[in-house]
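K.L.:
Just dropping this structure here.
The values are calculated or read from the model by the stated rules, or taken from the named source; none is laboratory data. On a predicted model such as this, the values are computed, not experimentally measured, just so you know. Here the Cβ positions follow ideal geometry from the backbone for every residue, glycine too, while neighbour counts run over all protein chains shown.
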């Protein structure tokens, strides 16, 4: 009996042992966010590379291409910005078009805060919200749906990993020059599909049966309006239709 008690005492962690075990078993939330950003970063780099190549093809310098990614950081909207600016569209028209196309991002922060629940720190939301792209939002929402606790450190790591990949991809593409993909038409065509495919994969990972009608309404309106009017109108009206459908179901 005494031997069993000694063995039990040896196996029972003391406060020092317990704290040491916690230190070795847990990672900082920022590092967790960086690791979680790897799938997004792997998808972002080739698309950003394609953008850097397209920007130099359109007559922009490497520095200008990098500045577009640094300041706008809007994925597909940057390709639209290239088309508008290279076609001679006024800067204000281009700016308002991009703002209208990306209005959906205004909803991402409040949606995450609602899922995170009360009592969570929001002191630095003004900083990590800069990194809330479609894919980063989808990854963060999926983590919360799987029971992970909200952490601003996690959001910083997640956003920084994706942002760094986008910037580095743009830089490499701009340095490679406008002719980098001329001999690879299949690769060039495939790169254009990677961004929506990545977001679709993240969406499907958190989709529930209860959300299917809302997603179906938003998707149908987006496709219909895009075919009838324009892609920008389709995104905006699809977003509004999905929000209304969600409120009706609630």
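K.L.:
Taking into account only those residues within segment 208-250 that are surrounded by fewer than 12 Cβ atoms within 10 Å (Cβ to Cβ), at pLDDT below 80 and over 22 Å from the mean Cα position of the chain (by Cα), which is nearest to residue 107 (Cα to Cα)?
P.N.:
247
K.L.:
Going by what's in this entry, would residue 90 be described as modelled with pLDDT under 85 and not assigned by TED's automatic domain parsing to the domain that holds residue 140? So that I can check it myself, show each step before the final result.
P.N.:
Working: modelled with pLDDT under 85: yes; not assigned by TED's automatic domain parsing to the domain that holds residue 140: no.
Spelling it out, it is not the case that residue 90 is modelled with pLDDT under 85 and not assigned by TED's automatic domain parsing to the domain that holds residue 140.
K.L.:
Moving to a separate point now. Is there a residue being within 11 Å of the chain's Cα centre (by Cα), touching a residue at least 60 places away in the same chain (Cβ under 8 Å), within 18 Å of residue 69 (Cα to Cα) and assigned to a loop (DSSP other than H, G, I, E, B) anywhere in segment 125-133?
P.N.:
Looking through segment 125-133, at least one residue is within 11 Å of the chain's Cα centre (by Cα), touching a residue at least 60 places away in the same chain (Cβ under 8 Å), within 18 Å of residue 69 (Cα to Cα) and assigned to a loop (DSSP other than H, G, I, E, B).
K.L.:
Let me ask something else. Taking residue 53 as meeting all but one of (1) in contact (Cβ under 8 Å) with a residue 12 or more places away in the chain; (2) part of a helix (DSSP H, G or I); (3) surrounded by fewer than 16 Cβ atoms within 10 Å (Cβ to Cβ); (4) more than 14 Å from the chain's Cα centre (by Cα), write down the number of the exception.
P.N.:
Checking residue 53 against (1) in contact (Cβ under 8 Å) with a residue 12 or more places away in the chain; (2) part of a helix (DSSP H, G or I); (3) surrounded by fewer than 16 Cβ atoms within 10 Å (Cβ to Cβ); (4) more than 14 Å from the chain's Cα centre (by Cα), the one that fails is (3).
K.L.:
What about residue 162, is it surrounded by fewer than 19 Cβ atoms within 10 Å (Cβ to Cβ) and either in the same structural domain as residue 107 (by TED's automatic domain parsing) or in contact with a helix residue (DSSP H, G or I) (Cβ under 6 Å, 6 or more places away or on another chain) (or both)? Please lay out each step first, then the result.
P.N.:
Numbers: surrounded by fewer than 19 Cβ atoms within 10 Å (Cβ to Cβ): no; either in the same structural domain as residue 107 (by TED's automatic domain parsing) or in contact with a helix residue (DSSP H, G or I) (Cβ under 6 Å, 6 or more places away or on another chain) (or both): yes.
No.
K.L.:
Evaluate segment 75-96: report whether one residue or more is in a loop (DSSP other than H, G, I, E, B), surrounded by 14 or more Cβ atoms within 10 Å (Cβ to Cβ), touching a helix residue (DSSP H, G or I) at 6+ places or on another chain (Cβ under 8 Å) and touching a residue at least 40 places away in the same chain (Cβ under 8 Å).
P.N.:
Looking for residues that are in a loop (DSSP other than H, G, I, E, B), surrounded by 14 or more Cβ atoms within 10 Å (Cβ to Cβ), touching a helix residue (DSSP H, G or I) at 6+ places or on another chain (Cβ under 8 Å) and touching a residue at least 40 places away in the same chain (Cβ under 8 Å), one finds at least one in segment 75-96, hence yes.
K.L.:
A further question follows. Would you mind telling me which numbered condition in (1) at pLDDT 80 or above; (2) surrounded by fewer than 20 Cβ atoms within 10 Å (Cβ to Cβ); (3) more than 21 Å from residue 174 (Cα to Cα) residue 63 fails?
P.N.:
Going through (1) at pLDDT 80 or above; (2) surrounded by fewer than 20 Cβ atoms within 10 Å (Cβ to Cβ); (3) more than 21 Å from residue 174 (Cα to Cα) one by one, residue 63 breaks only (3).
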